[in-house]
Amino acid sequence: HSGDVGRQEGLDAEPAKAGGSPADGPAPAGSPEISWALPDTSRISRDDLTSKAGEVLLYYCYCEVKDPEKLCAWQKALCQHLHLTGKVRVASEGINGTVGGSKVATSLYIEVMLSQPLFKNILCQEDFKRSAGGAHCFPDLRVGVFKEIVPMGIDPKIVSYKETGIHLSPQEFHREVEQYLSQASQGQSDTILLDCRNFYESKIGQFQGCLAPDIRKFSYFPSYIDENLELFKDKRVLMYCTGGIRCERGSAYLRSKAVCREVYQLKGGIHKYLEEFPDGFYRGKLFVFDDRYAICSNEDIISACRYCGALWDQYKLCSSQHCRQLVLTCPSCCNKGLTACCPVCQEKELKVTSRASGQTLKEECECTRRRPRVPTERVSQRMLDTGK
């Protein structure tokens, strides 16, 4: 989990070098110049800028970036200037960020982002998803240049965000899901409601009647599609994810296979849907990639304690620092000392092994090794069971 939340793995193990490599090809022509402007905060008190009570912003913007390194440097300076923490990914295909700070700071951040020539006429107020939080929701600020602004593991030149599915507003998506559930309950649906997130996200919250792949990372999603291509043949696919960005690349990949009848995606993701329909067809909590782990819009609990099976949906990190996966363990089981993700971690009581750099060495535990990297779906009534 730490690889998804903080460190980057695989393709994104290291930020792209300044200037790129010959294989990256020429920089996009015609993209606007990057402004170095920072907001004037001289009349704002430090207390207002650093107040613990604030919010977390989630956003992305696909656009051609001529100089990702320059955008990265400006973005880092902007966040530091406003005392924001969080994670921002920059690439030649755009920017993806989630930052936390005081409401004064986040409002200034949005204002400056909208005035940045690079994002003008592309990014708008509605593209920023807000939730209660603050700078304390992240351990630090991480801004870097990468090949992709969302790590799917496929070169953006091969599968481009420009080839996405049809965007549906939360209202349109709600109507589509309503129709899908009605037809599915009668066994007549030609639609698949597809969750593009990882298993630990969909485990604590999902749309009713969805197909939620049992994958650990989004970089496994293309392989999941390839292994289950027959499942999507001649189907209408409704896709969704947290904020919309994974659907941009995920829908483009699915469309590139030319097997689906139609591919749609939820604009703004679950975040925007819950703003309109807090008590709609999405049940449970919404997983977020920061120290909060989840945000709540309804009272439903759809997951259970790892050990006793009691209803529970509040994640903690596995107590074995050798593993550090997420685990659902209720207060009663925690009090009994059951705080690891699996019996292997619990029984061995592994000692922390550190690298020379001081970073904890992460190893796969039993529950990770036993999980198929890419599951093969079996078409069954389970997928159409709207009551689960």
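The values are calculated or read from the model by the stated rules, or taken from the named source; none is laboratory data. Model, not experiment: these values are computed from the prediction. Note that we place each Cβ from the backbone using ideal geometry, even for glycine, and neighbour counts take in every protein chain shown. To get the accessible areas, we keep the full protein, side chains included, count just its heavy atoms, and leave off ligands, DNA and RNA. Shrake-Rupley method; radii C 1.70, N 1.55, O 1.52, S 1.80 Å.
Which condition does residue 143 not pass, out of (1) surrounded by fewer than 21 Cβ atoms within 10 Å (Cβ to Cβ); (2) assigned to a strand (DSSP E or B), if it passes all the others?
Condition (1) is where residue 143 drops out.
Please tell me if residue 173 is assigned by the TED database to the domain that holds residue 217, touching a Leu at 6+ places or on another chain (Cβ under 9 Å) and among the aromatic types (Phe, Trp, Tyr). So that I can check it myself, show each step before the final result.
Values: assigned by the TED database to the domain that holds residue 217: yes; touching a Leu at 6+ places or on another chain (Cβ under 9 Å): yes; among the aromatic types (Phe, Trp, Tyr): yes.
Spelling it out, residue 173 is indeed assigned by the TED database to the domain that holds residue 217, touching a Leu at 6+ places or on another chain (Cβ under 9 Å) and among the aromatic types (Phe, Trp, Tyr).
Which of the residues belonging to the stretch 301-320 are part of a loop (DSSP other than H, G, I, E, B), at negative phi and open to solvent by less than 60 Å² (accessible area, probe 1.4 Å)? Let's see the steps before the verdict.
Taking the stretch 301-320 first, the residues part of a loop (DSSP other than H, G, I, E, B) are 301-303, 305-310, 312-314, 318-320.
Those left that are additionally at negative phi: 301-303, 305-308, 310, 312-314, 318-320.
303, 305, 310, 312, 313, 318, 320 - these are the residues of the stretch 301-320 that are part of a loop (DSSP other than H, G, I, E, B), at negative phi and open to solvent by less than 60 Å² (accessible area, probe 1.4 Å).
Please go through the stretch 225-276 and pick out each residue that is of a type in the set (Lys, Arg), assigned to a helix (DSSP H, G or I) and open to solvent by 30 Å² or more (accessible area, probe 1.4 Å). If you could, list the steps in order and put the result at the bottom.
Narrowing the stretch 225-276 to residues of a type in the set (Lys, Arg): 233, 235-236, 246, 249, 255, 257, 261, 267, 272.
Adding the requirement that they be assigned to a helix (DSSP H, G or I) leaves 246, 249, 255, 272.
Answer for the stretch 225-276, where residues must be of a type in the set (Lys, Arg), assigned to a helix (DSSP H, G or I) and open to solvent by 30 Å² or more (accessible area, probe 1.4 Å): 255, 272.
Return yes or no: is residue 131 under 23 Å from residue 287 (Cα atoms) and either polar (S, T, N, Q) or not in a strand (DSSP E or B) (or both)? Spell out how you get there, then give the answer.
Numbers: under 23 Å from residue 287 (Cα atoms): yes; either polar (S, T, N, Q) or not in a strand (DSSP E or B) (or both): yes.
Yes, satisfied.
Restricting attention to helices (runs of 4 or more DSSP H) lying wholly within the stretch 1-84, give those where 1 or more residues are under 18 Å from residue 149 (Cβ atoms) and either among the hydrophobic types (A, V, I, L, M, F, W, C) or modelled with pLDDT of 95 or more (or both).
Details: elements: 2-5, 46-50, 68-81.
Those helices (runs of 4 or more DSSP H) span 2-5, 68-81.
Sort out which residues of the stretch 181-224 are surrounded by 17 or more Cβ atoms within 10 Å (Cβ to Cβ), under 26 Å from residue 298 (Cα atoms) and of a type in the set (Gly, Ala, Ser), and write them in order of number.
Result: 184, 202, 205, 209, 212.
Tell me, please, whether a residue that is touching a strand residue (DSSP E or B) at 6+ places or on another chain (Cβ under 8 Å), under 18 Å from residue 242 (Cβ atoms) and either open to solvent by 30 Å² or more (accessible area, probe 1.4 Å) or assigned by the TED database to the domain that holds residue 75 (or both) can be found in the stretch 152-161. Full working, then the answer.
Taking the stretch 152-161 first, the residues touching a strand residue (DSSP E or B) at 6+ places or on another chain (Cβ under 8 Å) are 156, 161.
Next, from what is left, pick out any that are under 18 Å from residue 242 (Cβ atoms): 161.
Those left that are additionally either open to solvent by 30 Å² or more (accessible area, probe 1.4 Å) or assigned by the TED database to the domain that holds residue 75 (or both): 161.
Yes, that holds for at least one residue.
Go through the stretch 95-134 and give me each residue that's among the charged types (D, E, K, R) and either within 21 Å of the chain's Cα centre (by Cα) or crowded, with 21+ Cβ neighbours inside 10 Å (or both). Explain how you work it out, then say what you get.
Kept after step one, since they are among the charged types (D, E, K, R), are these residues of the stretch 95-134: 103, 111, 120, 126-127, 129-130.
If the condition is that a residue be among the charged types (D, E, K, R) and either within 21 Å of the chain's Cα centre (by Cα) or crowded, with 21+ Cβ neighbours inside 10 Å (or both), then 126, 127, 129, 130 are the ones that fit.
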